[in-house]
Every structure is written in C-alpha cells, then in structure tokens.
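The next block holds one structure in the form of structure tokens; read it before the comments.
The values are calculated or read from the model by the stated rules, or taken from the named source; none is laboratory data. These numbers come from a predicted model, not from an experiment. Here the Cβ is made from the backbone with ideal geometry for all residues, glycine too, and neighbour counts use every protein chain on show.
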Amino acid sequence: MKRFNLIATLMALLMTVTALAGELTYSPGESRFAIETLPAAKAVKLRIYAEGTGGKPLKTVNLKSSPTTGGNLLWEGAIKGDLKGKFYTFDVKYGKSFRGETPGVFATAVGVNGRRGAIIDMRDTDPTDWGTDVRPDIAPKDLILYELHHRDFSIDASSGLKYPGKFLALSEPRAIAHLKALGINAVHMLPSFDYASVDETRLQDNKYNWGYDPLNYNVPEGGYSTDPYDPIARVREFKQMVRALHAAGIKVVLDVVYNHTYSVDGSPFQLTMPDEYYRLNADGSYSNGSGCGNETASDHEVMRRFMVESVKYWANEYHIDGFRFDLMGIHDIETMNAIRTELSAIDPQIYIYGEGWAAGTCAYPADRLAMKSAINRMPGIAAFSDDIRDALRGPFSDDSKPAFLAGIKGHEQSIMFGIAGGVRHPQVNINAVNYSDHFWCNEPTQFISYVSCHDDMCLVDRLKASIPGLTTDELIRLNLLAQTAVFTSQGVPFMLSGEEMLRDKKGVHNSFESPDSINHLDWTNLERYPQVMAYYSGLIDIRKSHPAFHMGSAELVRRNLEFLPTQDCLVAFHLKSGLRLQGVDESWGDIYVALNANKQARTITVPEGEYTVVVRNIAACERGIAVINGGTVTVPAQSALIFHN
Ligand code: CA
C-alpha cells in the first residue's frame, strides 16, 4: 500500500497551476481567474452568477492580458471577497464579436449541465476519510480489469442497491461484495467526466447514454451524482466511490475521451482558441478520425498540454489508478509517451491503455499515431487486442460470422498470439495471426486480452448471433471457454461487466443510447445461472493465485510457456515448472491448459504422472476438483481443461 505523500501531492498540485489548469484559484479573500487564448483575442469578459443556469450576471469584469512564453495571451483578473457558491463564465472576443460564454477549458466544478464554472473550495469536496485514502498496490501484470457503465451496473431493482445509476452505488457494500466475490481488482468506468448527451435537469426521463461526448473533461458527470445542481455533490460522491473501492483493494480506471468533443461549435475549446485544439483537413474542413464529426490535435502544443494536465489532475485530485484512452490511435505517439512519463512521476503503477485504432482517417501522418502497431514504441502503454477477441468470437464487421468458439478452424495461431500476450514467441507464426504482422508488445503487460466490451455485441448475444441452434448448455460452455482463453493469457485480462451474470442486450449491436431494459444487468441471473459466476470467480482465483499465468515479462514467457502440438480448434500449452528458480513465487509445478472448441472431446499427450485438475467442463476451483493421470488426457468438448502437478 502506498501512502500519499502530502507534501509531494501539494507540490504536484502547485506545479499544475499553470495557464490551463489554473483557470480558477479560490480563496476566501479573493477569487483569481485566468484563461489562455490565441494572440489574436481582443478581449475577455468574466461574468459572475448566483446560479449555475439562468439569471443575470451579478458582476462582469474585463480581464487583462499578458503574453505567455508560448506566444499566446493569458487573461487574468481577481475579485475580492468570498465568492464561494457563485458561478462564472469566460467570453472571448476575436475580431468584432464575442464567441459566447464558456466555463473555460479546465473547469474543475460546474453547475447543472456544465454551462458555468462553479466557485468552490475543493477541500469542501473531500470525504472525511479522504486523507487516509491509498492506492491499492497492484502491479500492472497482476491487474484484472472489469469494464462497467454506472447505469448498467446498478440501475435495475434486482441489484438491490440504494443509489441506482449513481457513483455512490459503487461505494455500497453489496456492490463491493460482488466485485470481491468475482475477484476483479480494477474497475474501468465508462465516461464519468461531464458529458453532454444526458440533460441533467431532466434525470427523471431516465435517458441513457454511454457518455462518449465530452463537455467538461475535468469534472465528474452530474447525472451520476445525487444532485447535479450542487457542484460539490458530484465531486464528493465520486471521491466517496474511489475511497470505498480503494478500501476494498480495487483500483479505479477512467475511460478518457480526449480524441473528440461532443461538437466543435460551442465546445469550450472552440470558444477559447478557435480551431487550435482540432485537426483540419487541407481544405479547412474538420478532420473526422473519431467518426464523431471532429478529431482533436494532440500534436498541437496546447492540446498536448491539456491532456497531460488533465490526467495529472485526475490522478492527483481523485487518486485515479489508470486511464483507458478512447480511440488512442487518434493521438500522437509523442503525446502518449509524455503522458506516461508524467503519470509515472506520480505513481509508476498508474496503468495506461487504449484503443490502438481510429474510427476514420486522421489528418496526421499514420506512422506517428498511437496505433496498436506502434505499441512497441510506447513502453508502459498497452492496447486492446482485437486479434484474440475476433479469433475467438468472429470479426467486428459481421456479427453473424463465427470463429474459434463455433468450432471453425484456422484461428489457432491468433489465439496462441493472445495467450503469449502479444510478445515475440518462437512457436507463434506471426504470418498466421489475423490482424497483426508483427509482435507489437515488448512486454505482455502491453496487451489487453478480451473477448467482449461495451462496443459490439456482448458475448452471449454474439454467440447466439453467430452460432445458429445454440443450446443454453452450449452457450454457457462457450462463454466459459472464451473467458478461459482471456484469463489464461499472459496479457492483462479485461472483461465486460455482467458477463459473469450471463448478461445479454437482446441482440443490440450498438447500445450507446438504448434504454435500461437493454443495457441493465439483471442481478437475478446470479441465482438463475450460479454456475457461471462460480466459474468466473474460480477462474479468476486461479489466475490471481498463480503468477505462472501472469509472468509479466516477455523473457519469462518465452522461456516458460510452451505450446503443445496444435490441433484444429484446440490450443493447448504448458507453463513449465521451475518458475521459482527464476524469481516467480509459483507454488504449482507443471501446469497444462487446453482450450477445446470442438463439438467433440479431444485428447492431448502430457508426461506420465499424477495431476490435479482445477478446471474441467463448467467447474473451476483452485483447490482442485479431481486427480488424473498423465499420458493421453481427454479434453471434454467445448470447454477448457487445466491441471497441474
Ligand atoms: Ca453532463
């Protein structure tokens, strides 16, 4: 466990009070305001309001400018007296007109719907025990990521949670007991910053959205707080959630969406520095690598600085443990490496990963973008492996097309690539891997192993859509087989929340704004399919208890992971005994894992001797479920077999 060093934290906070992160500096005696603009700006008006929305300004002040070292203008002003509880906006003039009111680009508290900044004392947002909050000590190689959406997880009455759809749900004992029983140790939260697509004044409408439409990057979303009108509530409740998860030994990872904004017109970026935060095409139109109408320009100094300061702010103020970059392939490599360096200075364990692709063509040289294929050039940064995902379930482009899980041969090498965590391995033929032409990971901790996430169909729907006539028994067997590949990969395993409850989304491929009836978890499934949760927790327990499954080093993987002869739709491997002599605290000897997607049983051959079976059919238990002899060993149909001596 790491104690926060108070002085170091204070120093870090002071260091971040630069032009972007220091738009408001509150004290009871005065409030200071500052905003950075392009040199062409003619004037900046600051308005103070009594409310977060509506009403006339209490005061309007013209800020004064001075040049920044970078050649921009910094507009500053101070108002005497205690403004706590008031709200503010900036309004920047270019040419003859003011561009419109904005809370600035770096508001850290806002009123309802994020239209005005809020003047608060950040220390008023700290829960009483915040001073004792510590980040759980979990190395990247030991992480088990659980991706959730606040509303999916807790909105249904079957969850039994008192704060359905709110940050606070994750602070409740029942929620934490479930996560602990499952065994995951990091919660990856879908966008939790202030986003635009849910009207916070109409929460009674129960509108759903994933939240990939950023408004204020450095403020928690109001719709997940108990009172979006109270600027303190969302900040404090977010911290209460972090505090409770940390106390339970669970890390908190934020899904960050710096690659685009909800819109260009009216975005705080655009109102402050027109076009400076975005990439433009040669014809002056906005490049659209995000598929959402625009793409930001991390290669521009101000956007790079914004991203660095934003992640540092979340790490320092909210004690965040990791960041998942949406469409990371839109950002440039240099920016991602700068973020790695800055976050390592706060805590080297802060985990960084992202989608190593874009959703369209970017207006930037492809070889300088933070794509999956460039992960080798970004030490300490990981990417999702669509290789193992699609080798298991089938291609993202066609929900009806099956792969390994359906008993279709030809995907074995892609799965072996995934089992080895994307690092160079003498038995993996890279030419036979579906989407990769080189081993893109230097270390297995750069590889996110998964079969489903919020995007595309969840696992149950995908299996049903791609394998006609699937029985419930087969559905469960294949679901468990899929996750066994994920959880025995040397990469970092990642699962979508609710898979342990055999969730489905009624076949909806893209549920970003589907109602709760599609997206919610049905907790009664825990009683309906107890064998599923039991297997997931047993499997995760096996992984966590045995470092052989997450050696954490490419060299160890190459030396100690050996694949057995490949058969059609069967991948088997041996984790060799002797890890102890190489500094790995492994209590088991030889470990064998076989993944059989065939509709018939198959056999593998292992050395003679007595072995303890820990996974077979739909059972997984670290203490063992049977004893078998070596030689020719039968692997039951459509399931995994794991045994050790
Ligand atoms: Ca919002």
Open item on the list: On the basis of being free of Cβ contacts under 8 Å to residues at least 12 places away in the same chain, not polar (S, T, N, Q) and not in a helix (DSSP H, G or I), does ASP367 make the cut?
Closed with: no
Open item on the list: more than 16 Å from the ligand (Cβ to nearest atom), under 17 Å from ALA21 (Cα atoms) and of a type in the set (S, T, N, Q): is that true of THR272 in this structure?
Closed with: yes
TODO: Can you confirm whether segment 222-230 contains a residue that is within 17 Å of PHE323 (Cα to Cα) and crowded, with 21+ Cβ neighbours inside 10 Å?
DONE: no
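Looking only at residues that are hydroxyl-bearing (Ser, Thr, Tyr) and in a helix (DSSP H, G or I) in segment 475-534, which one is surrounded by the fewest Cβ atoms within 10 Å (Cβ to Cβ)?
First pass over segment 475-534, keeping only residues hydroxyl-bearing (Ser, Thr, Tyr): 484, 488-489, 497, 511, 514, 517, 524, 529.
Among the residues that remain, those that are also in a helix (DSSP H, G or I) are: 484, 517.
Values: THR484: 24, SER517: 12.
By that ranking, first place goes to SER517.
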Open item on the list: Being more than 10 Å from the ligand (Cβ to nearest atom) and either under 17 Å from PRO103 (Cβ atoms) or out of contact with any Lys or Arg (no Cβ under 9 Å at 6 or more places or on another chain) (or both) is the filter here; which residues of segment 207-224 pass it?
Closed with: LYS207, TRP210, TYR212, TYR217, ASN218
Open item on the list: Show the residue pairs meeting these rules: Cβ distance below 7 Å; 6+ apart or different chains; first residue within segment 64-75 and assigned to a loop (DSSP other than H, G, I, E, B); second residue among the hydroxyl-bearing types (Ser, Thr, Tyr).
Closed with: ASN72/THR37
TODO: Being crowded, with 18+ Cβ neighbours inside 10 Å and over 16 Å from VAL253 (Cβ atoms) is the filter; apply it to segment 183-202 and report the residue that is farthest from the ligand (Cβ to nearest atom).
DONE: GLY183
Open item on the list: Please determine whether any residue of segment 571-583 is in contact with a Pro (Cβ under 9 Å, 6 or more places away or on another chain), under 18 Å from THR445 (Cα atoms) and part of a helix (DSSP H, G or I).
Closed with: no
Open item on the list: Condition first: surrounded by fewer than 16 Cβ atoms within 10 Å (Cβ to Cβ) and either more than 18 Å from GLY222 (Cβ to Cβ) or within 16 Å of the ligand (Cβ to nearest atom) (or both). Now tell me which residues in segment 118-135 satisfy that.
Closed with: ASP121, ARG123, THR128, ASP129, GLY131, THR132, VAL134
- [ ] Select from segment 81-117 the residues that are in a loop (DSSP other than H, G, I, E, B), on the phi > 0 side of the Ramachandran plot and in contact (Cβ under 8 Å) with a residue 40 or more places away in the chain and write down the one among them that is nearest to the ligand (Cβ to nearest atom).
- [x] GLY104
Open item on the list: Please go through segment 266-295 and give me each residue that is surrounded by fewer than 16 Cβ atoms within 10 Å (Cβ to Cβ) and hydrophobic (A, V, I, L, M, F, W, C), ordered by number.
Closed with: LEU280, ALA282
Open item on the list: Only one of ASN288, ASN337, ASN294, ASN281 is of a type outside the set (A, V, I, L, M, F, W, C), in contact with an Asp or Glu (Cβ under 7 Å, 6 or more places away or on another chain) and under 18 Å from PRO365 (Cα atoms). Can you tell me which?
Closed with: ASN288
Task: Selection status of LEU245, of a type in the set (A, V, I, L, M), buried (at least 18 other Cβ atoms within 10 Å of the Cβ), within 15 Å of the ligand (Cβ to nearest atom) and in contact (Cβ under 8 Å) with a residue 24 or more places away in the chain - done: no
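Name the residue, out of ASP456, ASP473, ASP437, ASP461, that is at positive phi and of a type in the set (D, E, K, R). Can you show your working first?
Working: ASP473 fails: at positive phi; ASP437 fails: at positive phi; ASP461 fails: at positive phi.
Just a single option satisfies the conditions, and that option is ASP456.
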Task: Scan of segment 428-486 for residues that are touching a residue at least 12 places away in the same chain (Cβ under 8 Å), of a type in the set (Asp, Glu), out of contact with any Asp or Glu (no Cβ under 7 Å at 6 or more places or on another chain) and within 22 Å of GLY498 (Cα to Cα), ordered by number - done: ASP455, ASP456, GLU474
Task: In segment 405-464, residue surrounded by the most Cβ atoms within 10 Å (Cβ to Cβ) [restricted to those that are among the basic types (Lys, Arg) and touching a helix residue (DSSP H, G or I) at 6+ places or on another chain (Cβ under 9 Å)] - done: ARG462
Task: Hits in segment 148-177 (condition: without any contact (Cβ under 8 Å) to a residue 12 or more places away in the chain and assigned to a helix (DSSP H, G or I)) - done: ALA157, PRO173, ALA177
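Specify which of the listed residues (SER263, SER298, SER310) is surrounded by fewer than 23 Cβ atoms within 10 Å (Cβ to Cβ) and modelled with pLDDT of 95 or more. It would help to see each step written out before you state the result.
Details: SER263 fails: modelled with pLDDT of 95 or more; SER298 fails: surrounded by fewer than 23 Cβ atoms within 10 Å (Cβ to Cβ).
Answer to the check: SER310.
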Open item on the list: Could you list, ordered by first residue, the pairs with Cβ atoms under 6 Å in which the first is in segment 188-205 and within 14 Å of TYR229 (Cβ to Cβ) and the second is part of a loop (DSSP other than H, G, I, E, B) and near the ligand (Cβ under 6 Å from one of its atoms), at least 6 apart or interchain?
Closed with: ASP194/GLU221
- [ ] Would you please list the contacts, defined by Cβ atoms under 7 Å and residues six or more apart or on different chains, that run from a residue in segment 258-281 that is in contact (Cβ under 8 Å) with a residue 24 or more places away in the chain to a residue that is among the acidic types (Asp, Glu)?
- [x] ASN259/GLU295; ASN259/ASP326; HIS260/GLU295; TYR262/ASP213; ARG279/GLU295
- [ ] Six or more apart or on different chains, Cβ under 8 Å: which pairs go from a residue in segment 521-534 that's of a type in the set (D, E, K, R) to one that's surrounded by fewer than 19 Cβ atoms within 10 Å (Cβ to Cβ) and modelled with pLDDT of 95 or more? Could you list them?
- [x] ASP522/SER158
- [ ] Would you confirm whether any residue within segment 133-153 is under 26 Å from the mean Cα position of the chain (by Cα), farther than 30 Å from MET501 by Cβ and modelled with pLDDT of 95 or more?
- [x] yes
